[in-house]
Amino acid sequence: MDKLDEIFELQKKFDTELIKRRGLEGIDQTTWIQKEILAMISELGELLDEVNFKWWKNPKPVNREAIKGELVDILHFFVSMCLKVGISPSELHTAYIEKNRENFRRQDGTSLKEGYTWPSGVSK
């Protein structure tokens, strides 16, 4: 099994169990997505705290394991949202590859999207 497929499968099992145990069966898709976004924002805030965001405090050593934990929490909610809107691992992979190519075109100044052409006199 592909690693991304495995992550999606494990998240699907977790979400199914969570919904059953917590009695969340009646929540509509829009509300779920809103909840998942808020959860991701919360986890992003926790991640931000791990990288000394608060310039008014004495910095602490960056803890790679704590950062990894927060990134995994974010991934949980991200994958859960994919599942709730019916995006498969394969579809996500394809969309990522297409967007990555476009991002390179934007940086190369070859994108058809407005605002990414290189100004004259600036070397690539």
Query raised in the report: Lys pairs in the stretch 3-87, Cα-Cα under 23 Å, at least 8 apart or on separate chains: how many?
Result: 18
Report task. Count neighbours as other Cβ atoms within 10 Å of each site's Cβ, and list the chymotrypsin sites (Phe, Trp or Tyr not before Pro) in the stretch 36-124 that are DSSP loop with at most 13 such neighbours. Result -> F53, W55, W56
Report summary line: Here the net charge surrounding A39, from other residues whose Cβ is less than 13 Å away from its Cβ (Lys, Arg +1; Asp, Glu -1), is -4
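As a check on your grasp of the helix formula, calculate [θ] at 222 nm for the chain: sum -39500 (n - 2.57) over DSSP H runs of n ≥ 4, divide by the residue count, round to the nearest 500. Intermediate values should be presented prior to the final figure.
Working: 4 runs with 84 residues, N = 124.
Mean residue ellipticity, 222 nm, calculated: -23500 deg cm²/dmol.
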Query raised in the report: If you build the Cα gyration tensor of the stretch 3-87 and take the root of 5 times each eigenvalue, what three semi-axes come out, in whole angstrom, biggest first?
Result: 29, 15, 10
**Report entry** Relative contact order of the stretch 3-87, pairs being alpha-carbon contacts under 8 Å that are 6 or more residues apart, as %
**Finding:** 45 percent
Requested in this report: Neighbouring Cβ atoms within 10 Å as the yardstick, rank S111, S90 fewest first.
Outcome: S90, S111
Query raised in the report: What are the DSSP H helices in the chain that stretch 15 Å or more along their long axis, judged by alpha-carbon atoms, and whose average Kyte-Doolittle hydropathy comes to at least 0.0?
Result: 29-50, 64-85
Report summary line: Here, K60 and W118, labelled 7 Å along Cα→Cβ, have an inter-label distance in nm of 4.5 nm
Report task. For the stretch 22-62, run through the trypsin sites (Lys or Arg not before Pro) and keep only the ones in DSSP coil with at most 11 other Cβ atoms within 10 Å of their Cβ. Result -> K54, K57
Query raised in the report: Which value, in debye to the nearest 20, describes the size of the charge dipole of the stretch 1-94 about its Cα centre when Lys and Arg Cβ atoms bear +1, Asp and Glu Cβ atoms bear -1, and nothing else is charged?
Result: 320 debye
Requested in this report: Take the Cβ-Cβ distance between N103 and R22 as r, set R0 to 41 Å, and report the resulting FRET efficiency rounded to the nearest 0.05.
Outcome: 0.60
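FYI, it's all coordinate maths here, none of it is from the lab. The structure presented is a predicted model; accordingly, all values stated were derived computationally and were not measured. With ideal geometry, Cβ positions are generated from the backbone for all residues, glycine too; neighbour counts draw on all protein chains shown.
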